[in-house]
1. Of all residues in region 112-121, how many are within 15 Å of the chain's Cα centre (by Cα) and surrounded by fewer than 19 Cβ atoms within 10 Å (Cβ to Cβ)?
2. Anything in region 123-161 that is within 16 Å of the ligand (Cβ to nearest atom) and surrounded by fewer than 20 Cβ atoms within 10 Å (Cβ to Cβ)? List them, or say none.
3. Mind checking which residues of region 167-187 are among the basic types (Lys, Arg) and either over 20 Å from Asn157 (Cα atoms) or within 16 Å of the ligand (Cβ to nearest atom) (or both)?
4. I'm checking my understanding of the structure. Among residues of region 102-111 that are closer than 17 Å to Gly87 by Cα and not aliphatic (A, V, I, L, M), which one is surrounded by the fewest Cβ atoms within 10 Å (Cβ to Cβ)?
5. Every residue in region 188-214 that is more than 9 Å from the ligand (Cβ to nearest atom) and among the hydrophobic types (A, V, I, L, M, F, W, C), please.
6. Looking at region 187-201, which of its residues are of a type outside the set (A, V, I, L, M, F, W, C) and either surrounded by fewer than 19 Cβ atoms within 10 Å (Cβ to Cβ) or touching a helix residue (DSSP H, G or I) at 6+ places or on another chain (Cβ under 6 Å) (or both)?
7. Taking the condition of being in contact with a Gly (Cβ under 8 Å, 6 or more places away or on another chain) and either free of Cβ contacts under 8 Å to residues at least 24 places away in the same chain or part of a strand (DSSP E or B) (or both), how many residues in region 19-43 meet it?
8. Here are the criteria: (1) within 26 Å of Ile174 (Cβ to Cβ); (2) outside any helix (DSSP H, G or I). Tell me which single one Arg106 does not satisfy.
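The values are calculated or read from the model by the stated rules, or taken from the named source; none is laboratory data. Quick caveat: nothing in here was measured; it's all calculated off a predicted structure. Every residue, glycine among them, receives a Cβ derived from its backbone with ideal geometry; neighbour counts consider all protein chains shown.
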Amino acid sequence: MIDKEMYDKIVNEIPSSVLLVAVSKTKPNADIQSFYDIGHRDFGENRVQELTDKYESLPKDIHWHMIGHLQTNKVKYIAPFVHLIHGVDSLKLLKEINKQGRKNQRVIDCLLQFHIAEEESKFGFDVDEYNHALAEIKTLENISVKGVMGMATYTDNKNQIRKEFKSLKKLSEIVRGDFPDAIETSMGMSGDYNIAIEEGSSMIRLGSILFGSR
Ligand SMILES: *Cc1c(COP(=O)(O)O)cnc(C)c1O
């Protein structure tokens with residue numbers, strides 16, 4: 001069940017500088033079309049197969065955001081059309097995106113995912129890995145580093161969430177010093193987007209609050 005009232009409420013509440021990415025993973029095309037029909041264009045998916053299926057059947061002016069963990073061998077399927085890849089978490093993956101960007105004669109926009117959560121399971125660069133990769137990232141001509149992305153620990157502890165978002169915002173400033181176009185900070189989901197915006201998010205990724213639980 002999609003919640004258009006909640007959508008309107010959120011769109012009216014958040015600063016106009018914050019992009020709302022509607023996370024439509026596992027949800028049917030009809031739900032996406034409903035948000036499309038009221039003017040929404042940015043949708044996020046976390047699985048390559050589902051993303052390409054939806055790209056093929058839905059309007060072509062949708063901006064598709066790849067938000068999940070991306071395997072190197074699957075980059076080729078989304079390279080022709082993806083709008084922004086949020087979860088780029090290794091140099092190996094960046095090199096493959098660059099290669100597929102070149103094949104498709106385009107520059108693919110990427111966000112570097114940083115590991116900010118206390119939880120072990122989350123993917124992402126840490127500062128050392130980033131610094132080691134930096135010189136090589138700068139040589140890649142068919143990717144553009146647009147900023148950073150991160151996920152806070154799944155917890156009720158708001159102080160911890162805030163602390164983790166603050167650390168991502170700091171990292172975003174470092175990355176911006178290296179890449180002038182890196183102005184975006186993708187942070188905030190249904191449960192923590194208010195804190196994320198307070199801490200300087202420029203893109204929130206909302207799923208269940210808009211589309212119902214999965
Ligand atoms: C599923 C997902 C979201 C949306 O989560 P909700 O809690 O449903 O808003 C955001 N970001 C990523 C990376 C996700 O995988």
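1. Total meeting the criteria: 0.
2. Matches in region 123-161: Phe123, Thr153, Tyr154, Thr155, Asp156, Lys158.
3. Passing the criteria: Lys170, Arg176.
4. Taking the candidates together, the pick is Asp109.
5. Those that are more than 9 Å from the ligand (Cβ to nearest atom) and among the hydrophobic types (A, V, I, L, M, F, W, C): Ile195, Ala196, Ile197, Met203.
6. Gly188, Ser190, Gly191, Asp192, Asn194, Glu198, Glu199, Gly200
7. So the count comes out to 3.
8. (1)
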